[in-house]
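One structure is given here, and the rest of the page talks about it.
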Amino acid sequence: MSVPLFVYGSLRDAAVRRRVLGARTGMPPITTEAAVLRGHVWEVVPSFGYPFVRPGADGDEVTGEMLLGLTAHDYARLDRYEDTDSGMYVRVRVSVETAAGAVEAWTYRKGPGAPPT
């Protein structure tokens, strides 16, 4: 079973996911589940236009969704979309809260190559 992905921005849109991941012929569909990432803040750099999450204080939280059913091939495509090679985003493991409790997931966090706030 693959590790789910916590998303909080453009990847919450099913049309964007289809464009990024392409045809998944013969594969199970990607499903979503509501989740909260605690200890992080959501920010938008006006000149960039896409949101980032970054570590915050204990009371901070970001609402989003987990994407379930992703494959290694999907993650390779998502890494390109999130521009991890340039350091725009970095993929990190986090603990997110779901209706069923805490779950380990990947997320894309603001990277060292991201524009300053």
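Please treat every number below as a calculation from the coordinates, not as lab data. All of these numbers come straight from a predicted model, not from anything done at the bench. Glycine gets a Cβ as well: all are built from the backbone with ideal geometry, and neighbour counts include every protein chain shown.
General observations
- DSSP-defined beta bridges in the chain - what % are antiparallel, rounded to 5: 95 percent
- Averaged over residues, the count of other Cβ atoms within 10 Å places the peptides 107-117, 19-29 in the sequence 107-117, 19-29, highest first.
- Region 17-42 versus region 59-111: alpha-carbon centroid distance in Å: 9 Å
- Volume of the Cα convex hull of region 5-110, divided per residue and given in Å³: 101 Å³
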